[in-house]
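Structure, as structure tokens:
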Amino acid sequence: MLEPKIAEAVAQEIATRLRLFGLSVHRAEHQGQIRLGAVGDSAGVDWKAVRGWSGVADVSPFPRPFQLVSRTFHPHPTVITVGRCAIGSEQLALMAGPCSVEGEEQAFTIAEQVAKAGATILRGGAYKPRTSPYSFQGLGEQGLKLLRRAADAFGLAVVSEVMDTPQVPLVARYADILQVGARNMQNYALLHEVGHADRPVLLKRGLASTIEEWLMSAEHILSQGNAQVILCERGIRTFETYTRNTLDLNAIPVVKELSHLPVIVDPSHGTGIRDKVAPMARAAIAAGADGLIIEVHHDPDHALSDGAQSLRPEQYRDLVDQIRTIGKVLGRTL
Ligand code: PEP
Ligand code: MN
């Protein structure tokens, strides 16, 4: 924290001296004072000496292990604009679509229905992380092409999962948002690769990850230069087995306090049960989530993955109407 009313030249000089330690310096205004966030390995820095520099009012360590994702460091919320949606603003991000892209007719039918209901971003997996090697693994690049065409036909943006480092440029060619799945939340090579990509990243929380581990994974992406990270709570493993996962709605207000990044909720994987999706979606928005990612299928009984948790298009439309009403109370729009 620099002295109040410090001369600009002095502030810049202090920033330069910090950079000479090999730290990256991020400047923010805090209650009329300039705060310099010095990020990196500072083991060799004599912070007592820094506190004595002229113009320096105070030196304090980041209160948590994460830095770039921290609200201490960046008090204002990050807003990520994708297509017609400003994710992290008062506008709620509505992402919807099938678990997997299965074919042209399926992709176009669902895209049309979710667009009509009010979604702005089409989801759909082309590279699928499946528990069994004998389950449908996705259509690959062909699936990405279909997803892109279906989204463009109805004015939607695209989010799709990238499973592996070499896939990043390929998925980035077709998708507006790169999804890192729950199973890959701690695949640090992949986090670094998407950290260099010119696309926002949707980072799902790992199956058994703490909030701190999740935020540290986001820190990996930001540390590579990509500040456009959307966090997604999708349920965690607990002793409860009735539902597929336990959707941790606590995580929403906790992450909102700790971080400036937008946080959305996936009640489809969070519950695994079609008729539990809408109540948890409503609860997520009431708890302050910045949006929802929901699986929708026009023929869920024949879906190639996650049919049991997929909403039918009319169920999705009714849910969006309810979300609109709940959002209004909270000053949020669609
Ligand atoms: C998905 O979005 O279809 C998916 C596989 O999600 P998760 O990584 O959260 O299991
Ligand atoms: Mn799925």
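Answer yes or no as to whether V194 is assigned to a helix (DSSP H, G or I) and either surrounded by 18 or more Cβ atoms within 10 Å (Cβ to Cβ) or of a type in the set (S, T, N, Q) (or both).
Yes; evaluated as a whole, the condition is true for this residue.
Of the conditions (1) outside the structural domain of E213 (by TED's automatic domain parsing); (2) over 29 Å from A126 (Cβ atoms), E90 satisfies every one except a single condition; which number is it?
For E90, the exception is condition (1).
Can you tell me which residue is nearest to T131 (Cα to Cα) among those in the range 237-271 that are assigned to a strand (DSSP E or B) and within 16 Å of ligand 2 (Cβ to nearest atom)?
Filtering first and then ranking leaves V265.
Which condition does P65 not pass, out of (1) farther than 27 Å from D198 by Cα; (2) away from ligand 1 (no atom under 16 Å from the Cβ); (3) out of contact with any strand residue (DSSP E or B) (no Cβ under 9 Å at 6 or more places or on another chain), if it passes all the others?
Result: P65 passes all but (1).
Here are A208, A227, A218: which of them is assigned by TED's automatic domain parsing to the domain that holds E102, assigned to a helix (DSSP H, G or I) and among the hydrophobic types (A, V, I, L, M, F, W, C)?
From the options A208, A227, A218, the qualifying one is A218.
From (1) within 16 Å of ligand 1 (Cβ to nearest atom); (2) more than 21 Å from H269 (Cβ to Cβ); (3) of a type outside the set (F, W, Y), pick out the condition that doesn't hold for G103.
Of (1) within 16 Å of ligand 1 (Cβ to nearest atom); (2) more than 21 Å from H269 (Cβ to Cβ); (3) of a type outside the set (F, W, Y), only one is false for G103: (1).
Collect the residues in the range 13-52 that are more than 21 Å from T72 (Cβ to Cβ) and surrounded by 11 or more Cβ atoms within 10 Å (Cβ to Cβ), keeping them in residue-number order.
E13, R17, G22
Yes or no: D275 closer than 26 Å to G97 by Cβ and buried (at least 22 other Cβ atoms within 10 Å of the Cβ)?
no
Yes or no: the range 136-148 includes at least one residue that is within 16 Å of ligand 2 (Cβ to nearest atom) and either surrounded by fewer than 21 Cβ atoms within 10 Å (Cβ to Cβ) or outside the structural domain of R199 (by TED's automatic domain parsing) (or both).
The answer is yes; a qualifying residue exists.
The values are calculated or read from the model by the stated rules, or taken from the named source; none is laboratory data. Source: prediction; values computed, not measured. Methodologically, a virtual Cβ is constructed for each residue, glycine included, from the backbone with ideal geometry; neighbour enumeration extends over all protein chains shown.
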